[in-house]
Amino acid sequence: MKSKLTQFAQYPAPARLGIFLVILSLLWLPVAAPIYLLLAHDPNLVTILTMGLLFGAFLLLLRWWGKNVYGRSHLLRQYGLVRSRQNGLDLLQGLGIGLLFTFSLFVVEGLLGWIQFQTPQAVLAKVILEGFVSALGIGFAEELVFRGWVLDELQRDYTLKASLWADAIIFAILHFLKPLSEVIRTLPTFPALVLLGLTLVWAKRSSGGHLGLSIGLHAGLVWAYYILNVGQLVKYSNNVSPWITGVDNNPIAGVMGLLFLSVLAVWMRKRSAFRKNSGKIRL
C-alpha cells in the first residue's frame with residue numbers, strides 16, 4: 001500500500017492537489033454533516049466548529065501525506081513553519097507592517113475627507129484582543145494552506161514565477177466563489193486578492209522560505225481592519241464612489257486599497273529579489 005501511495009508524488013501538481021482535497025473531504029464531511037444538521041439554528045457556531053474540524057483534519061492529513069507520499073516526517077518544516085527566533089521576529093515585523101499599511105490607508109482617506117474617525121462604539125480593548133486572536137488564526141491557517149501546502153506542491157513541478165502566479169490566482173479564486181451578480185459588484189476585490197497573494201509569496205521568499213513574515217503580514221492587515229470595522233472607528237462620508245474607497249467598506253475592494261497594496265507588493269518583491277540574489281532563498 002505504501003509503495004502505491006508514493007506513486008502520487010509522480011503525479012502532476014493539479015492531480016496531487018485534487019487527490020489531497022478528495023481525501024480531506026472524505027475525512028471531514030462525515031463529521032461536519034451532522035453538525036450542520038444539529039446546529040442549523042446557530043450558523044456562527046456551525047462555522048466555527050466545522051472550519052475548526054476542517055483545519056484539524058488538514059493538519060492530520062498533511063502529516064500522513066508527508067510520511068506516506070513523500071517519505072518526510074516533518075513536512076511542515078518544508079513549508080516554512082519552523083520554531084526559531086528569526087521566524088518569530090519576522091512574524092512580529094509582519095504584524096507591524098500590516099497594521100501600519102492599513103491604518104495609513106485610512107488616515108490618508110480621512111485627510112481627503114472620504115471618511116470620518118469617530119468614538120468607538122464598543123470596548124476598544126476587547127475589540128483589539130478579539131481581533132488579534134481572530135487575525136492570527138486566519139493568518140496562520142491561510143498561510144499554511146496557500147503559502148505552505150499549495151505553493152510547495154506547485155514548486156515541485158513548476159518554475160518559481162509560474163508557481164508564484166498560480167498560487168496567487170488560486171488564492172483569489174477560492175476567496176471569490178460567489179454568485180455572478182456579487183462577482184460583478186465586488187470586482188475590484190479579485191485583482192486585490194491576486195496582488196495580496198503575490199505579496200505574501202514574496203514575503204515568504206524574502207524570509208528564506210519561512211512563513212513568519214507572511215503570517216504576520218496577513219494577520220496584521222486583517223487585525224487592523226477588524227479594529228476599525230468592528231470597533232466602528234470610521235464612518236464613510238460617501239463623497240466618492242465605493243469603487244474608490246472600497247465596495248462594502250472593504251478597503252482592498254477599491255482603488256485606494258489597490259494602490260496601497262501595490263506599494264506593499266513592490267516592497268516585498270524587492271526584498272525577495274534581494275534575498276534571491278544573495279543566494280539565501282530556501283524553497
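The values are calculated or read from the model by the stated rules, or taken from the named source; none is laboratory data. Since we're looking at a predicted model, the values are computed, not measured. With ideal geometry, Cβ positions are generated from the backbone for all residues, glycine too; neighbour counts draw on all protein chains shown. When the accessible area is computed, the model is the full protein with side chains, heavy atoms only, and any ligands, DNA or RNA have been set aside. Shrake-Rupley method; radii C 1.70, N 1.55, O 1.52, S 1.80 Å.
What pairs come up if the first residue lies in segment 61-79 and is charged (D, E, K, R), the second is crowded, with 17+ Cβ neighbours inside 10 Å, and their beta carbons are under 6 Å apart, counting only those six or more places apart or on different chains?
Arg72/Gly66
Quick check on segment 81-112: of everything there that is more than 24 Å from Leu233 (Cα to Cα) and charged (D, E, K, R), which residue is most open to solvent (accessible area, probe 1.4 Å)?
Restricting to residues being more than 24 Å from Leu233 (Cα to Cα) and charged (D, E, K, R), the top hit is Arg83.
Has segment 43-53 got any residue that is farther than 30 Å from Gln232 by Cα and open to solvent by less than 80 Å² (accessible area, probe 1.4 Å)? Spell out how you get there, then give the answer.
Looking only at segment 43-53, we keep the residues that are farther than 30 Å from Gln232 by Cα, and these are 53.
Adding the requirement that they be open to solvent by less than 80 Å² (accessible area, probe 1.4 Å) leaves 53.
Looking for residues that are farther than 30 Å from Gln232 by Cα and open to solvent by less than 80 Å² (accessible area, probe 1.4 Å), one finds at least one in segment 43-53, hence yes.
Mind checking whether some residue in segment 213-236 is small (Gly, Ala, Ser), touching a residue at least 24 places away in the same chain (Cβ under 8 Å) and open to solvent by 20 Å² or more (accessible area, probe 1.4 Å)? If you could, list the steps in order and put the result at the bottom.
Step one: of segment 213-236, the residues small (Gly, Ala, Ser) are 214, 216, 219-220, 224, 231.
If we keep only those that are touching a residue at least 24 places away in the same chain (Cβ under 8 Å) as well, we get 214, 216, 219-220, 224, 231.
Filter once more, keeping what is open to solvent by 20 Å² or more (accessible area, probe 1.4 Å): none.
No; the residues of segment 213-236 include none that is small (Gly, Ala, Ser), touching a residue at least 24 places away in the same chain (Cβ under 8 Å) and open to solvent by 20 Å² or more (accessible area, probe 1.4 Å).
Of all residues in segment 40-69 being outside any helix (DSSP H, G or I) and not charged (D, E, K, R), which is nearest to the chain's Cα centre (by Cα)? It would help to see each step written out before you state the result.
Of the residues in segment 40-69, the ones outside any helix (DSSP H, G or I) are 40-42, 69.
Filter once more, keeping what is not charged (D, E, K, R): 40-41, 69.
Values: Ala40: 28, His41: 29, Val69: 26 Å.
Going through the qualifying residues, I end up with Val69.
I'm trying to understand the selection: among the residues of segment 269-280, which are under 24 Å from Thr102 (Cα atoms) and either loosely packed, with under 14 Cβ neighbours inside 10 Å or aliphatic (A, V, I, L, M) (or both)?
Within segment 269-280, the subset under 24 Å from Thr102 (Cα atoms) is 269-272.
Within segment 269-280, just Lys270 meets the criteria.
Could you tell me whether segment 132-148 includes any residue that is surrounded by fewer than 18 Cβ atoms within 10 Å (Cβ to Cβ), more than 16 Å from the chain's Cα centre (by Cα) and assigned to a helix (DSSP H, G or I)?
no
Just a yes or no: is a residue in segment 151-167 in a helix (DSSP H, G or I) and among the β-branched types (Val, Ile, Thr)? Even if it seems obvious, please write down each step before you answer.
The initial filter retains those residues of segment 151-167 that are in a helix (DSSP H, G or I), namely 151-155, 160-167.
Within this subset, residues satisfying the condition of being among the β-branched types (Val, Ile, Thr) are none.
No, that holds for no residue.
Could you list all residues from segment 237-268 that are at positive phi and open to solvent by less than 40 Å² (accessible area, probe 1.4 Å)?
First, the residues of segment 237-268 that are at positive phi: 238, 246, 248-249.
Answer for segment 237-268, where residues must be at positive phi and open to solvent by less than 40 Å² (accessible area, probe 1.4 Å): just Gly246.
For Leu177, indicate whether it is open to solvent by 10 Å² or more (accessible area, probe 1.4 Å) and at pLDDT 95 or above.
no
Which of (1) at pLDDT 85 or above; (2) open to solvent by less than 60 Å² (accessible area, probe 1.4 Å); (3) touching a helix residue (DSSP H, G or I) at 6+ places or on another chain (Cβ under 6 Å) is the odd one out, the single condition Leu27 does not satisfy?
Leu27 satisfies every listed condition except (2).
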